[in-house]
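Participant: Can you read through this structure? Questions will come right after.
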Amino acid sequence: MLREIYEERRRRKFREEVGRIVISGTFAALIGAAAGILFAPQAGKKTRQDIAQGSIDLANKAKEGAQDLADELYIKSLEAKHAAQKTVEKFSTKTNELVDQGVEKAQEFADKAKNKAEDLGQDLEDAKEDLEEKAKEKKDELEDKAEQVKEASKDLKEDLKEQNEEVKKDLKDFKDQVKK
């Protein structure tokens, strides 16, 4: 693209130089023709008519040359404008594509982040439920163990009471025997 712009500038400069040379050559030829007419051996009236006609021809040729140059410059300006519009359109299109890609990537990233957050939230919810369930199971186990300890303690108390009664009875029997 930059190469095309450089080439266009180079061609434009070349055309401008050629245009200057053509205009300079035209003026030189007209001046030479006018000088030739002035120095030609003709009658004064005829020479003035030739000079007047030459001046008119020169003016017409200069006008045509200027018009041709103006037309050429107008065409070149339209071409340059068209080239500039194409370049702007290319840049605009590429910029829009890059913006669209950026938006798309950002949306993908946002979607992934949202999915990860949802997954993490679900994992945390599952972990919470698991912990609550395990805590309930441990609570139930502890309550069962406490009940077992309570029962065992009650049984032990009764056993100790019975043993105490037996020891008392044995002691009484021993005392009775010792007294006899």
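The values are calculated or read from the model by the stated rules, or taken from the named source; none is laboratory data. Only a predicted model underlies this, so the values are computations on that prediction, with no experimental measurement involved. Note that we place each Cβ from the backbone using ideal geometry, even for glycine, and neighbour counts take in every protein chain shown. Keep in mind that these areas ignore ligands, DNA and RNA; they rest on the heavy atoms of the full protein, side chains included. Shrake-Rupley method; radii C 1.70, N 1.55, O 1.52, S 1.80 Å.
Participant: Being modelled with pLDDT of 70 or more and either aliphatic (A, V, I, L, M) or within 28 Å of ASP50 (Cβ to Cβ) (or both) is the filter here, so list the residues in the stretch 8-21 that pass it. Spell out how you get there, then give the answer.
Facilitator: Of the stretch 8-21, the ones modelled with pLDDT of 70 or more are 8-17, 19-21.
ILE21 - this is the single residue of the stretch 8-21 that is modelled with pLDDT of 70 or more and either aliphatic (A, V, I, L, M) or within 28 Å of ASP50 (Cβ to Cβ) (or both).
Participant: Return yes when GLU125 is open to solvent by 100 Å² or more (accessible area, probe 1.4 Å) and acidic (Asp, Glu) and no when it is not. Can you show your working first?
Facilitator: Details: open to solvent by 100 Å² or more (accessible area, probe 1.4 Å): no; acidic (Asp, Glu): yes.
Answer is no for this residue.
Participant: Assess whether ALA83 counts as being open to solvent by less than 80 Å² (accessible area, probe 1.4 Å) and either basic (Lys, Arg) or under 30 Å from GLU8 (Cβ atoms) (or both).
Facilitator: Criteria met by ALA83.
Participant: Count, please, the residues in the stretch 79-125 that happen to be in contact (Cβ under 8 Å) with a residue 24 or more places away in the chain and of a type in the set (Val, Ile, Thr).
Facilitator: Number of matching residues: 1.
Participant: Filter the stretch 71-106 for residues that are closer than 26 Å to GLY19 by Cβ and hydroxyl-bearing (Ser, Thr, Tyr) and give the result.
Facilitator: TYR74, SER77, THR87
Participant: Output the residues belonging to the stretch 22-43 that are open to solvent by 100 Å² or more (accessible area, probe 1.4 Å) and either modelled with pLDDT under 70 or in contact with a strand residue (DSSP E or B) (Cβ under 7 Å, 6 or more places away or on another chain) (or both).
Facilitator: LEU38, PHE39, PRO41
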